[in-house]
Amino acid sequence: MATISVLQVTAIHAGRVLALADVELILDGVSIVIHGVQVRADASKTEITLPNYRAPDGSWRTAVTLPDEIRGPMGDAVIAAAMEIGLLMEKAAAG
């Protein structure tokens, strides 16, 4: 079982990147902190991306690979924290 805590969300507004978050994952009693989780948004979607680095060939690669069972709930927690500080607004349901 994993425990996910959003430690901090900092607004930066750089292009599509609205904020950077620090997230603590506790896996089997071991704490892992991931810095630089990006909150990205445009007119059609909001997404969370893990930190990236530039590889020797010039391409961008994800610095941390997480299984969907952790990445999904982590993304939900970061979005909820961004909404809590007023960075994101809940989308009104169509109807």
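The values are calculated or read from the model by the stated rules, or taken from the named source; none is laboratory data. Note that this is a predicted model, so its numbers are computed, not measured. Methodologically, a virtual Cβ is constructed for each residue, glycine included, from the backbone with ideal geometry; neighbour enumeration extends over all protein chains shown. Just the protein is used for accessible areas: all its heavy atoms, side chains included, with ligands, DNA and RNA removed. Shrake-Rupley method; radii C 1.70, N 1.55, O 1.52, S 1.80 Å.
Can you show me the helix-derived [θ] at 222 nm for the chain, built from DSSP H runs with n ≥ 4 at -39,500 (n - 2.57) apiece and divided by the number of residues, rounded to the nearest 500.
-6000 deg cm²/dmol
Would you work out if region 25-66 is rounded, prolate or oblate? Take a ≥ b ≥ c from the square roots of the eigenvalues of the alpha-carbon gyration tensor; rounded if a/c is under 1.5, else prolate when a/b is larger than b/c, oblate otherwise.
Cα axes put region 25-66 in the oblate bin.
Between residue 42 and residue 65, with labels modelled 7 Å along Cα→Cβ, what's the label distance in nm to one decimal, could you check?
2.7
Can you give me the accessible area per residue for the chain, using a 1.4 Å probe, in Å²?
That works out to 65 Å² for each residue.
Round to a whole number: what % of the accessible area of the chain belongs to carbon and sulfur, probe 1.4 Å?
Roughly 55 percent of what the probe reaches on the chain is carbon or sulfur.
So, with +1 on the Cβ of K and R and -1 on the Cβ of D and E, and no other charges, what is the size of the charge dipole of the chain about its Cα centre, to the nearest 20 debye?
360
Going by the alpha-carbon gyration tensor, a ≥ b ≥ c the square roots of its eigenvalues, is the chain rounded (a/c under 1.5) or, if a/c is not under 1.5, prolate (a/b greater than b/c) versus oblate?
Taking the square roots of the gyration eigenvalues as a ≥ b ≥ c, the chain is oblate.
How large is ³J(HN,Hα), in whole Hz, for each residue of region 40-48 in order, when computed from phi with the Karplus curve 6.51 cos²θ - 1.76 cosθ + 1.60 and θ = phi - 60°, using x for Gly and Pro?
10, 8, 9, 5, 9, 7, 10, 9, 10
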